Each structure stands twice: as C-alpha cells, then as structure tokens.
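The values are calculated or read from the model by the stated rules, or taken from the named source; none is laboratory data. Computed from a predicted structure; not experimentally measured. Positions of Cβ are generated from backbone atoms using ideal geometry, with glycine treated the same way; all protein chains shown enter the neighbour counts.
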Amino acid sequence: MRRPTQAPPAKDGPRVNDEIRAPRVLLIDENGEKQGEMPLVAALEAAQEAGLDLVEIVATANPPVVKILDYGKFKFQEQKKKAEARKKQKVVELKEIKLRPMIDDHDYQVKAKAMTRFFAEGDKVKITLRFRGREMAHQNLGMDLLMRIKGDFAETAKVELEPRLEGRQMTMVLAPKSS
C-alpha cells in the first residue's frame, strides 16, 4: 500500500528565481527603475546577468511585480525591520493601587505619585477601594474618594471603567490619555 504524497511545506517569504510561477512579470531592476512587463524567462536572464536574484515583491498584482536584488541582503533587512518594530512595541500593563475609604492626605499623595508614574510609563491603573466591617455603611465616602481621584487625574488619564461596587470592594480603571 502506497503512502499518500504530501505537498512540500509552504515556504514563508517571497518566491525567488525558479519558484516564481507566473508566465509574465512586471520587472523592476536593481536600481529601482521599472523595466516593464516581460516574459518570466527574460526577467530571470536579466537577474542572472546582474549576478543577483529575481524576487517576487507583489505576488497579488496582475502581472506579479518582481525585482532584481540580493535575496540574502533583502532577508537580512526584513529581519532588522521586524526586530526594530518589536523593540518599539510597548506592552500596556494593568497596575493596581489599593486604598481604604478613610485614607490620610499624605498616604493619598504617595499613591497619587505612584499613579502619575504609572501613567507616564503608559500603563493602566486599577484602583481598588476595600471596605472593612462597618465601613460598608459609608460607601458614599468611598465613592467620594474615587471621584476625587478621577478629578485629580482628569488631564493625564481617562476613566476606562467607571467606579462600581463588587462585594466589599469598589473598583475603577484609569488609562493614560494618549498625547
């Protein structure tokens, strides 16, 4: 019994030289000048004369756009671009600040300073206000505190999740305003 034949694994990246299947192509030479539409054979010969590779740049075009260039150098440049993009990427984290309804002024200032730093770094902040014992009877104090925070950070942050009570804690999420 014969084993079914498998297709070769799909190649990532553009097709090069003999891998190009279109009968006619639009050629761009090594200097970036458009040479026009021509048969694939003529384009391959031109690339061979230049001592470079024929690389399919836009496969979806009709006819496909091919360019004469050094494929190794091209791959290296693409790799560098991807690495640079990854380096510039910022992962937004969710930082949490825990408060109590009867927080003292100095303690509040310390927490506010930390939140300012988090917003400067581009992170979101989740403010958790915890009620203990009889503090549950004074939820309005907690709401007032969250409204104070909302007012203090109106210029630097926007409210992403309005204050809401979940069991014995009230939460609110603030995100930095994009400048």
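Condition test on LEU174, is it within 25 Å of LYS90 (Cα to Cα), in contact with a helix residue (DSSP H, G or I) (Cβ under 9 Å, 6 or more places away or on another chain), part of a strand (DSSP E or B) and not β-branched (Val, Ile, Thr)? Talk me through it step by step, then tell me what you get.
Values: within 25 Å of LYS90 (Cα to Cα): yes; in contact with a helix residue (DSSP H, G or I) (Cβ under 9 Å, 6 or more places away or on another chain): yes; part of a strand (DSSP E or B): yes; not β-branched (Val, Ile, Thr): yes.
So LEU174 fits the description; yes.
Give the range 121-137 a look and list any residue that's out of contact with any Phe, Trp or Tyr (no Cβ under 6 Å at 6 or more places or on another chain), at negative phi and not in a loop (DSSP other than H, G, I, E, B), or say none. Hits for the range 121-137 are LYS124, LYS126, ILE127, THR128, LEU129, ARG130, ARG134, GLU135, MET136, ALA137. Out of the range 122-179, which residues are of a type in the set (Lys, Arg) and touching a strand residue (DSSP E or B) at 6+ places or on another chain (Cβ under 8 Å)? Once the filter is applied, which keeps residues that are of a type in the set (Lys, Arg) and touching a strand residue (DSSP E or B) at 6+ places or on another chain (Cβ under 8 Å), the range 122-179 yields LYS124, LYS126, ARG130, LYS150, LYS158, ARG164, ARG168, LYS177.
Within the range 79-91, is even one residue within 30 Å of THR171 (Cβ to Cβ) and hydrophobic (A, V, I, L, M, F, W, C)? For the range 79-91, residues within 30 Å of THR171 (Cβ to Cβ) and hydrophobic (A, V, I, L, M, F, W, C): present. Counting only residues that are among the β-branched types (Val, Ile, Thr) and within 21 Å of LYS75 (Cα to Cα), the range 26-54 holds 1 of them. Going by the structure shown, is ASP104 at pLDDT below 95, among the acidic types (Asp, Glu) and exposed (fewer than 13 other Cβ atoms within 10 Å of the Cβ)? Here the answer is yes, as ASP104 does meet what is asked. Among the residues of the range 135-149, those that are closer than 12 Å to MET102 by Cα and exposed (fewer than 13 other Cβ atoms within 10 Å of the Cβ) comprise ASN140, ASP144.
Restricting attention to the range 102-120, does a residue exist that is out of contact with any helix residue (DSSP H, G or I) (no Cβ under 9 Å at 6 or more places or on another chain), of a type in the set (Phe, Trp, Tyr) and without any contact (Cβ under 8 Å) to a residue 12 or more places away in the chain? No; the residues of the range 102-120 include none that is out of contact with any helix residue (DSSP H, G or I) (no Cβ under 9 Å at 6 or more places or on another chain), of a type in the set (Phe, Trp, Tyr) and without any contact (Cβ under 8 Å) to a residue 12 or more places away in the chain.
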